[in-house]
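The values are calculated or read from the model by the stated rules, or taken from the named source; none is laboratory data. Since this is a predicted model, take the numbers as computed values, not measurements. Note that we place each Cβ from the backbone using ideal geometry, even for glycine, and neighbour counts take in every protein chain shown. Just so you know, the surface numbers come from the protein's heavy atoms only, side chains and all, with ligands and any DNA or RNA stripped out. Shrake-Rupley method; radii C 1.70, N 1.55, O 1.52, S 1.80 Å.
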Amino acid sequence: MQPTSPRTDLRRPAALCLVAAPLLLALGDLAGVLTRRETILWTVLLFLSFCAFVPAIFALAHLVRARAPRAGLVLGSIAFLGAMAGASMQAFFRAALLLEQASTSPAVAAAAEKAWSVPSFFLTTVAPGLLFPLGMLSLGVALVLGRQVPLAASLLLCLGALLFPVGHAVGLPVALLGGDLVLLAALAWIASVVLAKPGTWEHRDL
């Protein structure tokens, strides 16, 4: 049995997460639309999506870092914090939904639903979650300027990041699912670029 090489190639895991994250996001949002957010499936899929976005964000930051090391670190951190806020938001939604379904008291169900819109929830969860599309947009702009990936892929990433808060804030299915598909197309395209870049993805360089 040969020992594991310290220069493990991370291109495939990075490409996998770049595709899996927006795919899970699209499936989660689709489940939310079809079930009117009355089952926990959509929260589970979105939670998994934001978890997969963490290594995907690291991959984008690594691409940016090739031309702008500080920008890659800062912008990647912004998107990372937003992804973590998004994951925590799904845990809250899941708990509130389960409480609504389990309770036989209309007052308890009403209180659980009202908790979604209280100012403290917005300030501690929703507002930090806005860092996710902001970070993704900033990474997209950095990729446009650095030309590490095809210009069209970078522009698609920017468009998907712009559509993300519109679709999720307004809840319009066309904007919601359309934005997810744009993100999927952009990140899948970038994933193909990652797979075509040998020699730059050893773990000691990340």
Per the rule of 0.36 nm per residue minus the C-alpha distance, extending Ala110 to Arg12 adds in nm 30.7 nm
Report, largest value first, the span of the C-alpha coordinates of the chain along each principal axis, in whole Å.
-> 60, 44, 29
So what does Ser88 come to for accessible area, using a 1.4 Å probe and Å² rounded to 10?
-> 60
Run the 1.4 Å probe and let me know the accessible area of Cys17, rounded to the nearest 10 Å².
-> 30
Using heavy-atom solvent-accessible surface (probe 1.4 Å) with all chains present, what is the largest-first order of Met84, Met89?
-> Met84, Met89
Would you compute, from DSSP H runs of 4+ residues alone, the mean residue ellipticity of the chain at 222 nm, taking -39500 (n - 2.57) per run and dividing by the full residue count, rounded to the nearest 500?
-> -25500 deg cm²/dmol
With every protein chain kept in the model, how would you rank Val54, Val194, Val33 by accessible area, 1.4 Å probe, largest at the top?
-> Val33, Val54, Val194
Probe 1.4 Å - accessible area at Glu100, Å² to nearest ten = 50
The summed charge of the Ala142 Cβ neighbourhood (under 13 Å; Lys/Arg +1, Asp/Glu -1) stands at +4
